1. Please find, within the stretch 29-47, the residue that is surrounded by the most Cβ atoms within 10 Å (Cβ to Cβ) out of those that are under 22 Å from K132 (Cα atoms) and touching a helix residue (DSSP H, G or I) at 6+ places or on another chain (Cβ under 8 Å).
2. Could you tell me which numbered condition E26 fails, if it satisfies all but one of (1) surrounded by fewer than 13 Cβ atoms within 10 Å (Cβ to Cβ); (2) charged (D, E, K, R); (3) at pLDDT 60 or above?
3. Quickly run through the stretch 133-144 and pick out the residues that are modelled with pLDDT under 85 and either under 22 Å from T102 (Cβ atoms) or part of a strand (DSSP E or B) (or both).
4. Residue check, K119 against (1) touching a His at 6+ places or on another chain (Cβ under 8 Å); (2) at pLDDT below 85; (3) over 23 Å from W28 (Cβ atoms), all met but one. Which one?
Amino acid sequence: MKKLLLAWVALVSIGISANTQAAQGEYWELSTTMEMVGMPFVMPAQKSKVCIPKGGEKEPKYMQGKNSHCKMTKLKQFGNKVTWKGSCVNDGQTMHMTGESTHGPDHYHGTTHMSGTSKGRKLEIITSYSSKRIGGSCETVDLP
């Protein structure tokens, strides 16, 4: 169960800035926490400095890597709020997700809820994140 949790954590958080074609971007500081429903603890917050294409902070695709097994669907934007649905398929296991983020000029925060089954056991993961623009020019790449 712990290995599966770590695999899903990697799917969601590994590739925040991993992509394939160069584009102008800017640096953001991202703080992420994950909780697996039913586990007696919350994983410690992970902080990272990521390069996101200018304006890309409202695109959920930048929260996953180019080798991700996840597909985002039903992306909607209402003012400063973005919502989405999607699914991830890895090693024959499917996780369904919903997410929501709220954006300001120099920050954003949100949550993603993933649920599914693994080896016959129900699995739920809640990821919360917050980010702030720290500036500086960087090269990033767009996802295919």
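The values are calculated or read from the model by the stated rules, or taken from the named source; none is laboratory data. None of the values given here were measured: they were computed from a predicted structure. Reconstructed Cβ throughout: ideal geometry from the backbone, glycine too, with neighbour counts over all protein chains shown.
1. Result: M34.
2. (1)
3. Let us first name the residues in the stretch 133-144 that are modelled with pLDDT under 85, namely 139-144.
Result: E139, T140, V141, D142.
4. The one condition K119 does not meet is (1).
One line per residue, one yes/no per condition, for (1) in contact with a helix residue (DSSP H, G or I) (Cβ under 9 Å, 6 or more places away or on another chain); (2) under 21 Å from T32 (Cα atoms); (3) surrounded by 19 or more Cβ atoms within 10 Å (Cβ to Cβ):
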| residue | (1), (2), (3) |
| --- | --- |
| G86 | yes, yes, yes |
| T98 | no, yes, no |
| D106 | no, yes, no |
| K119 | yes, no, no |
| I125 | yes, yes, yes |
| K132 | no, yes, no |
